[in-house]
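Written out below as structure tokens is the structure these notes cover.
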Amino acid sequence: MSGVLRFGERVVFSVVGVLLFAAALTLSIRSLAVLYALIIGPAGSAIRLTAAFLDLVLLVLMIAELGYTVSLSLRGAVLSPEPFLIVGLIAVIRRILVITVQEVQDKATTAGINMIPQSTIELAILTLVVIAFVFAIFLLRRRALT
């Protein structure tokens, strides 16, 4: 029974790996289309298209890290928390970029004089999360060296 479960696990991980690869490939092609539009498009759309390009590229990186983790599982290697921290770090950076681009595009803010804009609070929290992820990755790598 244990062998059947192990085989089923390998099949599921293999299917997930292929799906992740297909998604990364599709998004890479899509990012090339956005890059082409950025090159030939009007200057007024440069910020929006650059943000879309960066968003797609960072999403491909996230999927690649997840695919790497799946491939580690298939090889029977012990899973490390580092790839998950890197995926989280990339996701947080993606969110920071999205918020920043939204702020640039929405130059006229509707927040009151005495109120802190919601995006500023979110950026502060996301910055703390980035620092925590980087510190955790630093500690993991330092522990691996000793």
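Using alpha carbons only, how many angstrom separate the centre of region 131-146 from the centre of region 1-41?
Region 131-146 and region 1-41 have Cα centres spaced 28 Å from each other.
So what is the relative contact order of the chain, in percent, for Cα pairs below 8 Å that sit 6 or more residues apart? Please report the intermediate quantities before stating the final value.
Values: 98 pairs, mean separation 33.8, N = 146.
Worked out over the chain, it gives 23 percent.
Given the C-alpha atoms of region 1-78, compute the convex hull and give its volume per residue in Å³. Can you show the working numbers first?
Working: hull volume 5.3 nm³, N = 78.
Hull volume over Cα atoms, normalised by residue count, gives 68 Å³.
How high is the relative contact order of region 1-78, in percent, with contacts defined as C-alpha pairs under 8 Å that are six or more residues apart?
Worked out over region 1-78, it gives 44 percent.
Where the only charges are on Cβ atoms (+1 Lys, Arg; -1 Asp, Glu), what is the dipole of the chain about its Cα centre, to the nearest 20 debye? Mind dumping the intermediate values first?
Values: 11 positive and 7 negative charges, 79 e Å.
It works out to roughly 380 debye.
In region 1-78, with Lys and Arg counted as +1 and Asp and Glu as -1 at Cβ, which of these residues, Ile63, Ser73, Met1, has the Cα nearest the positive end of the dipole, that is, farthest along it?
Projecting each Cα onto the dipole axis, the largest value belongs to Met1.
In deg cm²/dmol, rounded to 500, what helix-only [θ] at 222 nm does the chain give when every DSSP H run of at least 4 residues adds -39500 (n - 2.57) and the total is split over its residues? Please list the in-between numbers first.
Numbers: 4 runs with 121 residues, N = 146.
Rounded to the nearest 500, the figure is -30000 deg cm²/dmol.
Let me spell out the model: positive unit charges on the Cβ of Lys and Arg, negative unit charges on the Cβ of Asp and Glu, origin at the Cα centre of region 80-146. What dipole size does that give, in debye rounded to 20?
Working: 6 positive and 4 negative charges, 64 e Å.
Value, rounded to 20: 300 debye.
Among Ala51, Tyr36, Val134, whose Cα lies farthest out toward the positive end of the dipole of the chain, if unit charges sit on the beta carbon of Lys, Arg (+1) and Asp, Glu (-1)?
Going by the Cα projections, it comes out as Val134.
Per the Kirkwood formula on distinct C-alpha pairs, the Rh of region 80-146 is how many angstrom? Mind showing how you got there, number by number?
Numbers: mean 1/r = 0.0730 Å⁻¹.
Value: 13.7 Å, from the Cα pair sum.
Residues with beta-carbon under 15 Å from that of Pro83, excluding Pro83: net charge, scoring Lys, Arg +1 and Asp, Glu -1?
Numbers: positive: Arg75, Arg141; negative: Glu65, Glu82.
Local net charge: 0.
Report the extension gain between Leu74 and Val11 in nm, rounded to one decimal, defined as 0.36 nm multiplied by the number of residues separating them, less their alpha carbon distance.
Details: separation 63, 0.36 × 63 = 22.68 nm, distance 0.93 nm.
In short, 21.8 nm is gained.
Dividing the alpha-carbon radius of gyration of the chain by 2.2 N^0.38 Å (N being the number of residues), what value is obtained?
Details: Rg = 19.8 Å, N = 146, 2.2 N^0.38 = 14.6 Å.
Dividing the Cα radius of gyration by 2.2 N^0.38 Å gives 1.35.
Compare Ala43, Ala91, Ala132 in a GNM of the chain, Cα atoms joined below 10 Å, and give the one with the largest fluctuation.
In the Gaussian network model the winner is Ala43.
Taking the Cα centre of region 1-78 as the origin, how large is its charge dipole in debye, to the nearest 20, when only Lys and Arg (+1) and Asp and Glu (-1) carry charge on their Cβ atoms? Before the final figure, lay out each step's value.
Details: 5 positive and 3 negative charges, 25 e Å.
Dipole about the Cα centre, nearest 20: 120 debye.
The numbers here are math on the coordinates, done by the rules we state, and not lab data. These numbers come from a predicted model, not from an experiment. Please note: Cβ atoms are built from the backbone with ideal geometry, for glycine as well, and neighbour counts cover all protein chains shown.
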